[in-house]
Amino acid sequence: MLNTPTERQAHILEIVREEGFASIEHLSTRFDVTQQTIRRLVNALCDQGLLRRIHGGVSLPVQNQNLAYGSRQGLNANAKQRIAHATAKFIPDGASLMIGLGTTPEYVARALSHRQDLRVITNNLNVAAAFAQNPDVEISIAGGTLRPLDRDIVGEPAARFFADFRADYGIFGVGGVDQDGTLLDFHAGEVLARQAIVANSRVAVLVADTTKFGRNATVRGGRLDDCHHLFTDGPLPAAFAPISAGYADRIHTSDAVRPLAVQRARN
């Protein structure tokens, strides 16, 4: 039973993402609470930009840009934590890592933050901060113009920075994944930085919760074929059944995952 407002709000988001729209009356019946209570919950979600008010209920916002980083950090936090812990089990001590922008890679960095003898190469300031207190981790940070709302550096400066290294693992998120396996982001600079990580790492690891599958973002850049492994929090939506079947050997849900030796990476 969903007892707290936060739990109810998370479930409301799941319902709207699955169905595209939810009426206040339907949500009130679904949660067995008053319509006034539901309105308070969805109003808070709309104020954060996570939902959009329309007549009689709520729908997904028009997504021509991503949410602010602070709003994204708390969104689907449990799923991101589970993805992060599964990914951390996959990474051996002594590895070199490129870690990209976004909140899920930040969660992965936190899960790895106490590990030994890592070399971290990143354009994400929150990732660097997660490792900063560990003297066993060497950190290299991209230079360039900071995006203060996203706390990262993207575009040509980030691409040139990553091109100066060759890492064992590249860990990155994505704005959305289309049904044909196309990877999507909100800005061309984000795509450029992500593709530089893929090009300069031996094993490309996409970390994305299931809400990213079918999420609309406008800039194309790469495909799931480019990713050696996908870490997610559960089965992909039904519309992605062909991808689930075609990439079954690459998809890891957030349960026990054994470490992968670096020597199994591509050349």
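List of remarks:
- For the criterion of being free of Cβ contacts under 8 Å to residues at least 40 places away in the same chain and under 16 Å from A77 (Cβ atoms), E7 passes.
- Some residue of segment 141-154 being hydroxyl-bearing (S, T, Y), modelled with pLDDT under 90, in a loop (DSSP other than H, G, I, E, B) and in contact with a helix residue (DSSP H, G or I) (Cβ under 9 Å, 6 or more places away or on another chain): yes
- Of all the numbered requirements in (1) modelled with pLDDT under 90; (2) loosely packed, with under 14 Cβ neighbours inside 10 Å; (3) polar (S, T, N, Q), N66 misses one, and that requirement is (2).
- Residue that is nearest to A239 (Cα to Cα) [pool: residues in segment 8-55 that are in contact with a Ser or Thr (Cβ under 9 Å, 6 or more places away or on another chain) and among the small types (G, A, S)]: G20
- Among (1) assigned to a helix (DSSP H, G or I); (2) touching a Cys at 6+ places or on another chain (Cβ under 8 Å) - the single one F161 does not satisfy: (2)
- Residue within segment 182-197 that is part of a loop (DSSP other than H, G, I, E, B), more than 17 Å from the chain's Cα centre (by Cα) and closer than 17 Å to E156 by Cβ present: no
- Matching residues in segment 92-118 - criterion: being surrounded by 24 or more Cβ atoms within 10 Å (Cβ to Cβ) and part of a loop (DSSP other than H, G, I, E, B): G100, L101, G102
- Residue satisfying condition, being of a type outside the set (S, T, Y) and more than 19 Å from H252 (Cα to Cα), within set F240, F231, F186, F213: F186
- R215 basic (K, R), in contact with a strand residue (DSSP E or B) (Cβ under 9 Å, 6 or more places away or on another chain) and open to solvent by less than 20 Å² (accessible area, probe 1.4 Å): no
- R223 meets all of the listed conditions (1) modelled with pLDDT of 90 or more; (2) open to solvent by less than 50 Å² (accessible area, probe 1.4 Å) but one, namely (2).
- Exclusive hit being buried (at least 23 other Cβ atoms within 10 Å of the Cβ) and either more than 26 Å from K212 (Cβ to Cβ) or touching a Ser or Thr at 6+ places or on another chain (Cβ under 7 Å) (or both), set I139, I121: I121
- Close Cβ contacts (under 8 Å, 6 or more residues apart or on different chains) running from residues in segment 28-55 that are in a helix (DSSP H, G or I) to residues that are acidic (D, E) comprise Q35/E25.
The values are calculated or read from the model by the stated rules, or taken from the named source; none is laboratory data. If you're wondering where the values come from, they're calculated on a predicted model, not measured in any experiment. Virtual Cβ from ideal backbone geometry, glycine too; neighbours counted across all protein chains shown. Calculation scope for accessible area: heavy atoms of the full protein, side chains included, ligands and nucleic acids excluded. Shrake-Rupley method; radii C 1.70, N 1.55, O 1.52, S 1.80 Å.
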